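The values are calculated or read from the model by the stated rules, or taken from the named source; none is laboratory data. Only a predicted model underlies this, so the values are computations on that prediction, with no experimental measurement involved. Cβ atoms come from the backbone with ideal geometry, glycine included; neighbour counts cover every protein chain shown. Surface areas here come from the heavy atoms of the whole protein model, side chains and all, with no ligands, DNA or RNA. Shrake-Rupley method; radii C 1.70, N 1.55, O 1.52, S 1.80 Å.
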Amino acid sequence: MLGLDGQGKFTSDYLEVVSAAGVIEIAGGRQGRHFTALWVGFSFANELPEPSFVLSEQMAVGTLVLPAALFQSWLAILSQPAYFRIGGDGRGNAISSDITFWG
């Protein structure tokens with residue numbers, strides 16, 4: 001988790017967030033030959049990029065960029081064991097505090 005001032009841009013291999021207020025990386029287990037992760041950025045920008053899913057040789061990574069006002073809510077969910085899903089075009093990328101939600 002990274003808290004930022006909301007003035008600058010955050011850039012990583014998988015995620016770019018303008019007016020970044022924070023970034024969370026949720027690392028998952030290995031699924032087949034891929035390690036999994038969900039990168040979530042929080043931004044003060046008026047226009048946010050679409051969610052995405054990237055599959056490389058070793059990584060399966062989903063991304064989301066959400067309004068900065070949601071940062072605290074996501075931290076509350078992640079203060080306990082959490083689960084995430086990624087895939088498709090990224091529109092289904094999400095987290096949950098209850099694994100049965102994905103059932």
Computed over the chain, protein heavy atoms only, probe 1.4 angstrom, the accessible area per residue in square angstrom equals 61
Gained length - V54 relative to S79, 0.36 nm times residue gap less alpha-carbon distance: 6.4 nm
Using the Cα centre as the reference, give the magnitude of the dipole from point charges on the C-beta atoms of the chain (Lys, Arg: +1; Asp, Glu: -1; all else neutral), rounded to the nearest 20 debye. 260
Taking the Cα atoms of the range 1-50 alone, what are Rg (to one decimal) and Dmax (as a whole number) in Å? 12.4, 39
The percentage of the accessible area of the range 1-82 (probe 1.4 Å, all protein chains present) made up of carbon and sulfur atoms, to the nearest whole number, is 52
Theoretical ellipticity at 222 nm over the chain - DSSP helices of four or more residues, -39500 (n - 2.57) apiece, nearest 500: -2000 deg cm²/dmol
Per the 1/(1 + (r/R0)^6) rule, R0 = 22 Å and r from the Cβ atoms of L70 and H34, FRET efficiency to 0.05 is 0.20
Burial order of peptide ranges 81-90, 31-40 (average beta-carbon count within 10 Å, highest first): 31-40, 81-90
